[in-house]
1. If we count other beta carbons within 10 Å of each Cβ, what is the order of B:Thr285, B:Thr74, B:Thr214, fewest first?
2. To check you understand DSSP bridge types, tell me what percent of the beta bridges within the protein assembly as shown (both residues inside) are antiparallel, rounded to 5.
3. Go through A:Lys80/B:Lys141; A:Lys142/B:Lys135; A:Lys145/A:Lys235; A:Lys80/A:Lys142 and tell me which ones have a Cα-Cα distance over 28 Å in this structure.
4. How high is the relative contact order of chain A, in percent, with contacts defined as C-alpha pairs under 8 Å that are six or more residues apart?
5. When the Karplus curve 6.51 cos²θ - 1.76 cosθ + 1.60 is applied with θ = phi - 60°, which whole-Hz ³J(HN,Hα) does each residue of region A:277-291 get, with x for Gly and Pro?
6. Picking from A:Pro192, A:Pro103, A:Pro146, which is most flexible by a Gaussian network model of chain A using Cα springs under 10 Å?
7. Can you list, shortest first and in nm, the gaps between the label point of A:Glu224 and those of its counterparts in the other copies, using a point 7 Å from Cα in the C-beta direction?
8. Which distances in nm, rounded to one decimal and ordered from shortest, link the label point of B:Gln116 to the equivalent label points in the other identical copies, with labels set 7 Å from Cα toward Cβ?
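Any read-out appearing in this document is the output of simple, stated calculations on the displayed coordinates, not a laboratory observation. This is a predicted model, so every value here is computed, not measured. Virtual Cβ from ideal backbone geometry, glycine too; neighbours counted across all protein chains shown.
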2 protein chains.
Amino acid sequence: QTFAGNLAKKLDLMKILMENFQKLEDEEILSKSVKEFIGNILTCQDAKVVLVTSGGTTVPLEQNSVRHLDNFSTGGRGSKSAEEFLRIGYRVIFLHRKGALFPFARLLSNSEEVMQKLEVDSQGRITLEDEKIAKAVKEHKKLMKPLFFLSIPFTYLGEYLHKLQVICCALQPLRRRAMVFLAAAVSDFYVPYSKIPEHKMKSSEKLVLEFEQTPKMLNTIVDEWAPEALVVSFKLETDIEILIHKAKSALANYGHQVVVANLLQTKDETVSIVTSSAIFKINSTKNDPIENQILNQLQIMHNQFITQQ
Amino acid sequence: QTFAGNLAKKLDLMKILMENFQKLEDEEILSKSVKEFIGNILTCQDAKVVLVTSGGTTVPLEQNSVRHLDNFSTGGRGSKSAEEFLRIGYRVIFLHRKGALFPFARLLSNSEEVMQKLEVDSQGRITLEDEKIAKAVKEHKKLMKPLFFLSIPFTYLGEYLHKLQVICCALQPLRRRAMVFLAAAVSDFYVPYSKIPEHKMKSSEKLVLEFEQTPKMLNTIVDEWAPEALVVSFKLETDIEILIHKAKSALANYGHQVVVANLLQTKDETVSIVTSSAIFKINSTKNDPIENQILNQLQIMHNQFITQQ
């Protein structure tokens, strides 16, 4: 029955992927650019690569989508982590929610604040004085080179899952040198595309929406898509009591290596890195974002993981 | 029975406002800044003011909000309209979804694109060459002065409704010199705050969400909050057959003056401005965004409206 249950879940995942596949126009372009990026890494013996997913997925409630269910995520953790991965020498594939925070460019995300700082000089040239932004511009130029950084956007849940599959499968030749860092906030529920009304829903007295559970893709990543990669998932909860318990069960259920566990209320100050044999508690320091410390720990783990091969 | 029905709807609106009122920390600051802004306008005999609402509201599905129902809207129409209102001399109160497009600063909204254009010169000064942005920076400095532009952000539906009430009521002393331009995409459905679970919902087999209909506030604006203002609402549909019919019924039901009717598919190329006695069809031209032409028409209507006083 567990086998049948697993099969049913995989069928659900295949269905959602198939539905989306028919809508993807850039399938070939995506596949080609990912393969080129990975191909270049394969020629460098010690290069490591990380797939960072970032931002929240949306689930459309209409085909001409006006309304959708959204998962809150600014993309802060994913974009800061991608920056730090680049600094410590990783090649980064950044699968991110379109419009969410972007590495380095995140410092420009408040466009009104930036606008207020801009000046136009007598030659019509726009200038800006800001130390932090100047540092980010320099790092952006130095680190985000085509061989080191590949940007792939998504909006919808189905699109996210499809692109995740394409990228994970392309990582296979890199074996243990690949890390999958799943910081995106993926909706737990969705409405199958075939059940979505074509036109905007009418406002009636009450609205009752029936969502189906999003098929879990973590075990499919571990079993099929990227079986040799180091897979890091995130658990975000609002209740401390169930957080570590849930992290441990996730490791047991899906068979991946690391869960980064955090509470919504304190996620920028303290996180726990949970593996099947240990828990590393990490607190933020004054100067660095907490992402830098999480990545220090993950880098150590990844190096051990590669050596054990 | 219609009276009882209306009363019930007003009770719903009051309930949602009350719930939100208890959460608003900046109630006094909001009220004070709006009154100051309006007070300054009252001293200029011919000054006209417009309240522009812009962007989509969200409805939280959890108290520590991770998941929410969102209405798609970039805030393009609202932010471009606010710019043009400023150009033609209106004072503008911009009630907008936090993070949605902002007048002039909207040209910087793609932060990654902007980042790629930035250079750091030998003195550490950041420079940018872009004609359109340079023009926007100059207009921003010239037009968005404290006496002419007041920015008020919102995120949640209840917050939007509450702030809308505060601002509309503050417009009363301006009588017909005030316009209310409702370009925000307001959710038709919501979950009352008292029914929202405190913690993140558990992922069970199926999720069934029951939403209540958002109380209509248009008739309350017309009857109570800003009874003398020119009120402009928007209708966005995906089906051309029902669009004009819906626009006409809205005017009949709510008793306001203008509906700007558009189809999701063609909203940047063609709109209909619908009043109780006429329909003005407007098409975009090559050089200007369609918002400029909509506003030309509305300005004529507003001037007539003031003269008829």
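1. The most exposed by this proxy come first: B:Thr285, B:Thr74, B:Thr214.
2. Among the beta bridges of the protein assembly as shown, antiparallel pairing accounts for roughly 45 percent.
3. Too far apart for the 28 Å limit: A:Lys80/B:Lys141; A:Lys142/B:Lys135; A:Lys145/A:Lys235.
4. 20 percent
5. 10, 7, 10, 9, 8, 10, 10, 6, 9, 5, 8, 10, x, 4, 4
6. Looking only at A:Pro192, A:Pro103, A:Pro146, the largest GNM fluctuation is found for A:Pro146.
7. Going from nearest to farthest copy, the values are 5.7 nm.
8. For B:Gln116, the inter-copy label distances come out at 2.9 nm.
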